[in-house]
Amino acid sequence: MASFTLHGIPVSRGIAIGRAHLLASAALEVKHYLIGEEQVEAEVERLQNAIATVHQELQAVWRELPQDAPAELGAFIDVHVLILSDPMISEMPLEIIRERHYNAEWALVTQIDELSAQFDEIEDAYLRERKNDIQQVGERVLKVLTGSASTLANLSSSPDQGAHMIVVAHDISPSDMLQFRDRTFAGFITDLGGQNSHTAIVARSLDIPAAVGMYNASALIAQDDWVIIDGDNGVVIVDPTPMVLNQYRERQQQLVRERKKLSKLKKTPAVTKDGVEITLLANIELPQDTQAALDAGAVGIGLFRSEFLFMGSAGHNHRLPTEDEQFESYRQAVAAMKGRPVTIRTLDIGADKPISAADETALNPALGLRAIRYCLAEPQMFMSQLRAILRASAYGPVKLLVPMLAHAHEIDQTLTMIEQAKAQLREAGKKFDPLIPVGAMIEVPAAALTLPLFAQRMDFLSIGTNDLIQYTLAVDRVDHEVAHLYNPIHPAILYLLSSTIAIGAKANIPVSVCGEMAGDIKLTRLLLGMGLKEFSMHPAQLLSVKQEILNSDLSVITPRTRKILRLMEPAAIAEAVAGLRAA
Ligand code: PEP
Ligand code: MG
């Protein structure tokens, strides 16, 4: 068979080479037949039993969730439990059996198809993606009805075989993804999914090369085909020629060598060739991630996304973590970092990070009641988080970071609430750092454009480029259909970034970048040239960024960056940014 190449969305770095293992297609073939009146109740009961079995299955998955499972997995299972309990799934198909006398499988598939068609009409990309969750839940019930076991569980994967196995699927449900943890796979490819779809998020936390949004890859790739995944570029090569295979094998070995070499930089201070010190911090989602941060040589935590505590096991019980539970998590992170600063961001939920199904019904979640807006609307919950963070500040240097601020009154209200939380703790005789620095995320264009408002009121600023790009370019960050428009070097973004850094420097207020741009080595020099001194990123990216810094000379990069900032034409900007790396 001739070799061919497919293009999708890169979600996880590295190269995987192996043989394709196809997971059964999402649309299970089911029998369609009409039942007699006397069989109706038995058929209803059969479907009810299957739904109950899936409930138990999901609960079992929850119970067996390994301690170190990414927090998102718990949240995904929650979503599936909610879907399963919804009358649209748990009751409507029963009505179809009663009214139309369809067999149980047919009734269920009819209802899922109907719901899927309704979801296709939805404009909001995040909600549209939930169609996949509904189909995954439907599939689970069908598997019980038809007696076919979970396809992923059927895979034989001795570590030897698994190391060369590439899983190809139309879609993989997050709970099925759990099984990846205990098995060795080289990588995976799915037809569905955007950059921030559930599967993509899990792939990144497991650090497996993967490509998603490949449209019809699962139909084009045959069982046992040789497959290469280039996770850096979102490219999949099927049945490569021996020459291509060799090239990628070499590249793969080179990556292993590079990783080894990089690990030697762990203790090297991040200083440019001309002697400017740069601070490299880590982004974490749970207290236990501090280990990866320390292993990568991070000098502190620049972004602790506290919302993951709310999406994990506590969220499973459909209650928020208490002040004491939160305090314990923050204290753990602070203690683990042994005197290095820990920047804890207050709750940033809503949009792509819902903690309950109710959040998903917002009209336009990214523009809705998320992050600080949500916190100010729920003062009791916010106060308990503020007290928990303040209490942790008695155990080591803590900074408090507030997401999504856009208005002066939001800043003022937040600062007032922080003072109230301090007063309450004083009264209760609880210790905290009275001078805890408070910072703002600059991630709404309005904030970047009115920076003095923030510089006057805050102790530090942190630029959230993920949202800044989303809001400036009006490109939904989770929608693969507009992923080609999501451009970090759009001149508008470069303007907002460079002006924020420059105004911050003038006002003598520290500015960091904690969005994905900070960990992209193709952009390290551009950010350095803008005057950025503090970068916060996923621990896995830290040492490559450090290497880039060690090889950079600000006296060369800075004037060249100034010139780039005057450019407007995208092609010229792209060329000049690439040229900086060669400088
Ligand atoms: C950002 O928006 O760049 C950011 C760091 O926050 P999050 O990705 O959690 O929205
Ligand atoms: Mg953000």
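Evaluated against (1) at pLDDT 95 or above; (2) within 16 Å of ligand 2 (Cβ to nearest atom), Leu369 falls short on exactly one condition, (1).
If only one of Ala75, Ala104 is surrounded by 15 or more Cβ atoms within 10 Å (Cβ to Cβ) and touching an Asp or Glu at 6+ places or on another chain (Cβ under 6 Å), which one is it? I'd like the intermediate steps shown before the answer.
Numbers: Ala75 fails: touching an Asp or Glu at 6+ places or on another chain (Cβ under 6 Å).
Residue meeting the stated conditions: Ala104.
Could you tell me whether His480 is modelled with pLDDT under 90 and either buried (at least 22 other Cβ atoms within 10 Å of the Cβ) or touching a strand residue (DSSP E or B) at 6+ places or on another chain (Cβ under 6 Å) (or both)? Against the criterion (modelled with pLDDT under 90 and either buried (at least 22 other Cβ atoms within 10 Å of the Cβ) or touching a strand residue (DSSP E or B) at 6+ places or on another chain (Cβ under 6 Å) (or both)), His480 qualifies.
Here Thr500 meets each of (1) more than 16 Å from ligand 1 (Cβ to nearest atom); (2) not in a loop (DSSP other than H, G, I, E, B) with one exception, condition (1). The strands (runs of 3 or more DSSP E) located wholly in the range 219-334 that include 1 or more residues which are touching a Ser or Thr at 6+ places or on another chain (Cβ under 6 Å), within 16 Å of ligand 1 (Cβ to nearest atom) and under 30 Å from Gly8 (Cβ atoms) occupy 279-284, 301-305.
Listed here are the residues, each with its yes/no results for (1) over 29 Å from Arg257 (Cβ atoms); (2) among the hydrophobic types (A, V, I, L, M, F, W, C); (3) open to solvent by 20 Å² or more (accessible area, probe 1.4 Å); (4) touching a Pro at 6+ places or on another chain (Cβ under 7 Å).
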| position | (1), (2), (3), (4) |
| --- | --- |
| Ile509 | yes, yes, no, no |
| Cys514 | yes, yes, no, no |
| Met517 | no, yes, no, yes |
| Met537 | no, yes, no, no |
| Leu543 | no, yes, yes, no |
| Ser555 | yes, no, yes, no |
| Thr558 | yes, no, yes, no |
| Arg562 | yes, no, yes, no |
| Leu565 | yes, yes, yes, no |
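Counting only residues that are of a type in the set (A, V, I, L, M, F, W, C) and open to solvent by 10 Å² or more (accessible area, probe 1.4 Å), the range 524-535 holds 1 of them.
The values are calculated or read from the model by the stated rules, or taken from the named source; none is laboratory data. Since the model is a prediction, treat every value here as computed from it, not as a measurement. Cβ: placed from backbone, ideal geometry, glycine included. Neighbour counts: every protein chain shown. Accessible surface is based on the protein model in full, side chains and every heavy atom, while ligands, DNA and RNA are left aside. Shrake-Rupley method; radii C 1.70, N 1.55, O 1.52, S 1.80 Å.
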